[in-house]
Amino acid sequence: MSLIPSFFGGRRTNVFDPFSLDVWDPFEGFLAPGLTNAPAKDVAAFTNAKVDWRETPEAHVFMADLPGLKKEEVKVEVEDGNILQISGERSSENEEKSDKWHRVERSSGKFIRRFRLPENAKVEEVKASMENGVLSVTVPKVPERKPEVKSIDISG
């Protein structure tokens, strides 16, 4: 959750969260990442995919609102061993020459969200499911090792 609203691009970010990769990019808007000569708005159009990240004693749970998308249109990947990446694309409506559009408010285009996972994440056991436009990604945690305590008998 953001503590400080961002004044750059309307995105919220948390400057105090070392795991957040959702930071302001001064070059955003020039070219879309990975695409040459593609306008950034095509990639950034759906970047407002809202994601909640909560930590339970057993796992890190990510919930992403992706209304209207099918699971085949969404990719969940772990790259570099500790970066969870959620990406996908929502296609725009086909325009008919006889159609007269009065308002277009639903966004379309590609989106990508990336999160740096903490060291206690079991990235080999990540599970994802999608139901009613909500993507749920569960990253189990390595159980905390409790310090071994050995009682010593006192003689005398």
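The values are calculated or read from the model by the stated rules, or taken from the named source; none is laboratory data. Not measured: the values here are computed from a predicted model. Positions of Cβ are generated from backbone atoms using ideal geometry, with glycine treated the same way; all protein chains shown enter the neighbour counts. Remember, those area values only see protein heavy atoms, side chains included, never the ligands or the DNA or RNA. Shrake-Rupley method; radii C 1.70, N 1.55, O 1.52, S 1.80 Å.
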Query raised in the report: From Cα coordinates alone, what are the radius of gyration and Dmax values for the stretch 90-134 in angstrom?
Result: 18.5, 56
Report summary line: So, with points 7 Å from each Cα along the Cβ direction, the E58-I83 label distance in nm works out to 3.0 nm
Report summary line: Stokes-Einstein, Kirkwood over Cα pairs, the stretch 68-154, 37 °C, 0.692 mPa s; D in µm²/s equals 195 µm²/s
Report summary line: Mean Cβ-within-10 Å packing, highest first, puts peptides 108-121, 49-62, 86-99 in the order 108-121, 49-62, 86-99
Report task. Please work out how much length the chain gains when fully extended from I152 to R116, using 0.36 nm per residue of separation minus the C-alpha to C-alpha distance, in nm with one decimal. Result -> 8.7 nm
Requested in this report: Any chance you could look up the accessible area of D80 with a 1.4 Å probe, heavy atoms only, rounded to 10 Å²?
Outcome: 130 Å²
Query raised in the report: Where the centre of each part is set by its Cα atoms, how far does the stretch 58-95 sit from the stretch 101-152, in angstrom?
Result: 11 Å
Report summary line: Distance in nm between E124 and R103 label points, each 7 Å along Cα→Cβ, equals 5.2 nm
Requested in this report: Write down the Å³ per residue value for the convex hull defined by the alpha carbon atoms of the stretch 53-101.
Outcome: 119 Å³
